[in-house]
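Values in this text are rule-based calculations from the coordinates and carry no lab data. Worth saying up front: this structure is predicted, and the values here are computed from it rather than measured. Ideal geometry is used to build each Cβ from the backbone, glycine not excepted, and the neighbour counts take in all protein chains shown.
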Amino acid sequence: MGDHLYWVNGQAGCLRADAGEIVFQERLYETRQEYASAVAADGKLFAFTRRNGAFVLGASGRFERLAHNDLGDASDFNASPALSDGHIVVRSNECVYCIGIKK
C-alpha cells in the first residue's frame, strides 16, 4: 500500500518500494508452507494462515499487529480471502465464512 510492499509467510515483512530497503521483518508464527495471499483494505493487511488463524496488521510502514483471530475450524485455510462491500469472504477445506459488520 502506498510506497510499501508487504508479505506474510510466518513472518510479516515490509519493503520500501522505491529503494528496495527492508523496513521490518517480524515473526508471527512458526512457518508452515502458506498458499493464501494477504489482502489489503482500509489501511490494514488481512492474512489467513493454513492453521495459525488470521492476522490483521497495520499497513502504515511500521510493524503493527492489530489482531489475531481463530475461527475454530481445524481444517486448513488454503485460499486467499476475497473482499466485497466491507466483508471478507474466506474458505477453509470445510466451510466458507463471510466476516463483516452486520448492517
Rounded to one decimal in nm, the spacing of the 7 Å Cα→Cβ label points at residue 89 and residue 76 is 2.3 nm
Treating only Lys and Arg (+1) and Asp and Glu (-1) as charged, each at its beta carbon, one finds that the chain has a dipole about its Cα centre, in Debye to the nearest 20, of 180 debye
Which of (i) 1.07; (ii) 1.24; (iii) 0.96 is the computed Cα Rg over 2.2 N^0.38 Å? It is (i)
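What's the longest piece of the chain with no exposed GluC sites (Glu not before Pro), counting a site as exposed if DSSP puts it in a loop and it has at most 13 other beta carbons within 10 Å?
Numbers: sites that count: 30, 94.
Between exposed loop sites, the widest span is 31-93.
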Once amide hydrogens are built 1.01 Å from N within the peptide plane, the residues lying 5 or more places from residue 37 or on another chain with amide H under 5 Å from its amide H are 80
Karplus ³J(HN,Hα) for region 67-81 (6.51 cos²θ - 1.76 cosθ + 1.60, θ = phi - 60°; Hz, whole; x = Gly/Pro) runs 7, 9, 10, 10, 7, x, 9, 7, 7, 7, 10, 10, 9, 6, x
